[in-house]
Amino acid sequence: MIPALEKPITYFKGVGPKRAEIYAKLGIETGYDLLCHFPRDYIDLSDQVDILNAPDNELCAVRARLARKLSPSFARRGMTIYKAVLTDDTADLTLIIYNNEYLFKSLIEKKEYILYGRLNGSFMRREISSPLIIPADSRDLIRPIYRLTDGLSQNIIQTNIHTVLDSIGSEIYEPLPRDVMRENSLCALSYALENIHFPRDAHSLQVAKRRLVFDELMTLRLGMTLLREKSRTATGCKMSSTDISDYFSALPFELTGCQRRAIEDCCRDMCRSWPMNRLVQGDVGSGKTAVAAGAAYFAFKNGYQAALMAPTEILASQHYETLSRFLEPLGVSVALLTGSLTPKNKAALKERIKAGECSVVVGTHALVQHTTEFSRLGLVITDEQHRFGVDQRDTLASKGENPHKLVMSATPIPRTLAMMIYGDLDLSVLDELPKGRQKIETYAVTGKLRERAFGFVRDRLDEGRQGYIVCPMIEENEQELQSVKEYAEALRKGAFSNYRVGLLHGKLPAAEKESVMHSFKEHELDLLVSTTVVEVGVDVPNSVIMLVENADRFGLSQLHQLRGRVGRGQYKSYCILLTDNVTEESAARLKIMTKIADGFRISEEDLKLRGPGDFFGSRQHGLPKLRIADMSSDTELLRLAQQAADRITSADPTLSLPEHAGLRELAEMLFRSDKKGEESK
């Protein structure tokens, strides 16, 4: 790193302490941070229109010469209006400038200018107020547009970035090995930084962006690999190869080939001298819990405890029931630790866990409380990785001697993307559905067919089955949607007045959620009106029908997750996607759901349509925020960057060779800047 770039931003001319405070709001504290504050968009002033044909009240660029200046006028005290007439020989244009005598005087008659702004007025008398004005012979026809905050303007940021670039000049070092640059046709970093902010032309901008996107994706991959290497310190839980065939034979069903392979992966990892760090990623209903149970049983036979942390009490209870069914016949003591236990019962259970009397402990965030202690914790399992930060995972792991970690995710992600996002984890993919799982018939219909859809739901309930109606939100201030409570009440009194209707939403107290879900599982309710709290893991085999209101508001991956709540038993199951927003785009998206049942294929379509944010919601997955790369559109560069990073780390896993010092510094800075960004929020 160039020493100047590591200095506080006040080191550079034009940035005093007050402006530095404003920049800090954007996470900008050094010259390097400022250079990495990439434009969010550009104005292309080379794309010009005639004054005569310029659209009314739309942003555009016109090229015209200054014909004459008019006398200033005074609208009121403190307000001076300057006007000039320009022409391009198709029509005249009146330029209006407010309170800027310096700019007005700098304009020269008979000289050509490019003006960017909104043209108004009549056909005979066109006007433009306070536009961007540059000389027509300017080389800078592509202008950057930056993300701002109060106290900063586009001109201020452009000027400050110019200063930083001028001050370091040719000192910009080149972190990429020459062979990587050559193989991937990448420009020099100095050229990229100059042209991402102040591109000479559209081609220069494209070349610059390609280099910087590649750098960011490669750096991310390298950083994740460094995290993996860092985790490969010695574990105090090295296990021995042990026969667990009795687990396989005791199960009431036959495991799929990929489930067996995933369990074998876990058992092999746990016999190494460094901790397992494995992600088991599978589609809805692919049997991840059976894999977790197999790994927990292997730990049990080696004399270690296992802990499984789930994001909600509903899901924790379900895992507890499943693990108890699979493991207790084999002599494994399984316990459930949640926040809703009474203080007395919770304290007693924690004593048993500390004494080693519980071999497998399932729970929610209660597991990471400082009062929860383990006797010999050897395996930590977390469910739904994107709902837990890395810190929570590490806090639970700190309760053992560097124990093994297993992460389960039901969010199918294209493999290339998964390798980048979960680069610190080894990957096992469950891509076979267990025997007996059947396709869920899915229909996308408009709101005009709502009553008919309700009738279809009633038919299923009349057969003794159960169903869900899912709404996209609970905010009662949303004018365009009824609140979930009002909607549920309307269903109770109207279309489903002859049925037992329950309500489940995120604002209910945990104990009430548990009660509603328990009633539904016990068939004390026929229909459950719910927000997306049913999205993850709830398993009611008698549920065969789901109707999703305003389905266009969900991502495809989320719809697929929701759909997976039905079809978990022996009965034919259905999903109806209802929307009142009948656009070409929404119809195309929902049609994908009716045609494709494979979650991995759906995730690829979702990635194209919505980008990676939909997979993770808020950034709880521990992935640094990308400044310029877009993993949904830069897929080819993603592949090339991964390949280059993997070649480097296969020869130098810790980037300790002198020629890789720059890459290591960039990787560490990416993760460090992410932490800084989190702290500034």
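The values are calculated or read from the model by the stated rules, or taken from the named source; none is laboratory data. All values derive from a computational prediction rather than experimental measurement. Cβ: placed from backbone, ideal geometry, glycine included. Neighbour counts: every protein chain shown.
Selection within region 502-518: residues that are part of a helix (DSSP H, G or I) and not charged (D, E, K, R). The member of this set that is modelled with the lowest pLDDT is Ala510.
Of the numbered conditions (1) under 24 Å from Phe520 (Cβ atoms); (2) touching a residue at least 40 places away in the same chain (Cβ under 8 Å); (3) small (Gly, Ala, Ser), Ala290 fails exactly one; give the number of that condition. Result: Ala290 passes all but (2).
Within region 219-250, being among the polar types (S, T, N, Q), part of a helix (DSSP H, G or I) and within 19 Å of Asp269 (Cα to Cα) holds for Thr225, Ser231, Ser245. The set of residues in region 287-319 being among the polar types (S, T, N, Q) and over 26 Å from the mean Cα position of the chain (by Cα) consists of Asn302, Gln305, Ser317, Gln318. In the condition set (1) buried (at least 22 other Cβ atoms within 10 Å of the Cβ); (2) hydrophobic (A, V, I, L, M, F, W, C); (3) out of contact with any Ser or Thr (no Cβ under 7 Å at 6 or more places or on another chain); (4) farther than 25 Å from Arg565 by Cβ, Cys358 is compliant with all but (3).
Screening Thr90, Thr94, Thr80 for residues that are surrounded by 12 or more Cβ atoms within 10 Å (Cβ to Cβ) and not in a strand (DSSP E or B) leaves exactly one candidate, Thr90.
For Ile545, the requirement of being modelled with pLDDT of 90 or more, outside any loop (DSSP other than H, G, I, E, B) and among the β-branched types (Val, Ile, Thr) is met. Name, by its number, the condition in (1) assigned to a helix (DSSP H, G or I); (2) crowded, with 20+ Cβ neighbours inside 10 Å that does not hold for Ser286. For Ser286, the failing item is (1). Scan region 290-303 and give yes if some residue there is among the hydroxyl-bearing types (Ser, Thr, Tyr) and either farther than 30 Å from Gly599 by Cα or surrounded by fewer than 24 Cβ atoms within 10 Å (Cβ to Cβ) (or both), otherwise no. Taking every residue of region 290-303 in turn, none turns out to be among the hydroxyl-bearing types (Ser, Thr, Tyr) and either farther than 30 Å from Gly599 by Cα or surrounded by fewer than 24 Cβ atoms within 10 Å (Cβ to Cβ) (or both). Taking region 427-458 as the range and being under 30 Å from Ala295 (Cβ atoms) and either surrounded by fewer than 14 Cβ atoms within 10 Å (Cβ to Cβ) or of a type in the set (S, T, N, Q) (or both) as the test, the residues that pass are Ser428, Lys435, Gly436, Gln438, Lys439. Which residues, taken from region 190-209, are farther than 19 Å from Thr159 by Cβ, touching a residue at least 12 places away in the same chain (Cβ under 8 Å) and within 28 Å of the chain's Cα centre (by Cα)? Passing the criteria: Ala192, Leu205, Val207, Ala208, Lys209.
Residues that are under 23 Å from Phe253 (Cβ atoms) and hydroxyl-bearing (Ser, Thr, Tyr) within region 300-332 comprise Ser317, Tyr320, Thr322, Ser324, listed in sequence order. Just need a number here: residues in region 162-214 that are touching a Pro at 6+ places or on another chain (Cβ under 8 Å) and hydrophobic (A, V, I, L, M, F, W, C). Qualifying residue count for the region: 5. Among the residues of region 326-349, which ones are among the charged types (D, E, K, R) and in contact with a helix residue (DSSP H, G or I) (Cβ under 9 Å, 6 or more places away or on another chain)? Hit for region 326-349 is Lys346, nothing else.
Where in region 120-180 are the strands (runs of 3 or more DSSP E), entirely inside, with at least 2 residues that are over 31 Å from the mean Cα position of the chain (by Cα) and surrounded by 14 or more Cβ atoms within 10 Å (Cβ to Cβ)? Walk me through it before giving the result.
On the way: elements: 126-129, 132-135, 142-145.
Where strands (runs of 3 or more DSSP E) fall fully within region 120-180 and carry at least 2 residues being over 31 Å from the mean Cα position of the chain (by Cα) and surrounded by 14 or more Cβ atoms within 10 Å (Cβ to Cβ), they are 126-129, 132-135.
Evaluating Ser71 against the criteria (1) surrounded by 13 or more Cβ atoms within 10 Å (Cβ to Cβ); (2) assigned by TED's automatic domain parsing to the domain that holds Asn120 leaves one unmet condition, (1).
Residue pairs whose Cβ atoms lie under 7 Å apart, sitting 6 or more positions apart in sequence or on different chains, and linking a residue in region 571-599 that is over 27 Å from Ser286 (Cα atoms) to a partner that is in a helix (DSSP H, G or I) and of a type in the set (A, V, I, L, M, F, W, C), are Thr579/Ala551; Thr579/Leu590.
Candidates in region 188-218 are the residues that are charged (D, E, K, R) and assigned to a helix (DSSP H, G or I); of these, the one that is farthest from Glu668 (Cα to Cα) is Glu194. Residues in region 19-38: is at least one more than 34 Å from the chain's Cα centre (by Cα), surrounded by 15 or more Cβ atoms within 10 Å (Cβ to Cβ) and either aromatic (Phe, Trp, Tyr) or at pLDDT 95 or above (or both)? Looking for residues that are more than 34 Å from the chain's Cα centre (by Cα), surrounded by 15 or more Cβ atoms within 10 Å (Cβ to Cβ) and either aromatic (Phe, Trp, Tyr) or at pLDDT 95 or above (or both), one finds none in region 19-38, hence no.
Applying the criterion of being surrounded by 12 or more Cβ atoms within 10 Å (Cβ to Cβ) and charged (D, E, K, R) to the residues of region 221-245, the residue that is nearest to Ser656 (Cα to Cα) is Glu229.
Close Cβ contacts (under 6 Å, 6 or more residues apart or on different chains) running from residues in region 11-25 that are without any contact (Cβ under 8 Å) to a residue 60 or more places away in the chain to residues that are among the hydrophobic types (A, V, I, L, M, F, W, C) and not in a loop (DSSP other than H, G, I, E, B) comprise Ala20/Ile9.
Yes or no, residue by residue, for (1) among the hydroxyl-bearing types (Ser, Thr, Tyr); (2) within 19 Å of Ala410 (Cα to Cα); (3) modelled with pLDDT of 95 or more; (4) assigned to a loop (DSSP other than H, G, I, E, B):
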{"position": "Leu427", "(1), (2), (3), (4)": "no, yes, no, no"}
{"position": "Leu433", "(1), (2), (3), (4)": "no, yes, no, yes"}
{"position": "Arg437", "(1), (2), (3), (4)": "no, yes, no, yes"}
{"position": "Gly455", "(1), (2), (3), (4)": "no, no, yes, no"}
{"position": "Asp459", "(1), (2), (3), (4)": "no, no, yes, no"}
{"position": "Gly464", "(1), (2), (3), (4)": "no, no, yes, yes"}
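Within 30 Å of Thr225 (Cα to Cα), crowded, with 21+ Cβ neighbours inside 10 Å and at pLDDT 75 or above: which single residue out of Leu327, Leu377, Leu323 fits that description? Walk me through it before giving the result.
Values: Leu327 fails: within 30 Å of Thr225 (Cα to Cα); Leu323 fails: within 30 Å of Thr225 (Cα to Cα).
Just a single option satisfies the conditions, and that option is Leu377.
The number of residues in region 265-281 that are exposed (fewer than 15 other Cβ atoms within 10 Å of the Cβ) and either on the phi > 0 side of the Ramachandran plot or among the charged types (D, E, K, R) (or both) comes to 2.
Being assigned to a strand (DSSP E or B), hydrophobic (A, V, I, L, M, F, W, C), at pLDDT 90 or above and touching a strand residue (DSSP E or B) at 6+ places or on another chain (Cβ under 9 Å) is the requirement here; does Ile353 meet it? It would help to see each step written out before you state the result.
Working: assigned to a strand (DSSP E or B): no; hydrophobic (A, V, I, L, M, F, W, C): yes; at pLDDT 90 or above: yes; touching a strand residue (DSSP E or B) at 6+ places or on another chain (Cβ under 9 Å): yes.
Spelling it out, it is not the case that Ile353 is assigned to a strand (DSSP E or B), hydrophobic (A, V, I, L, M, F, W, C), at pLDDT 90 or above and touching a strand residue (DSSP E or B) at 6+ places or on another chain (Cβ under 9 Å).
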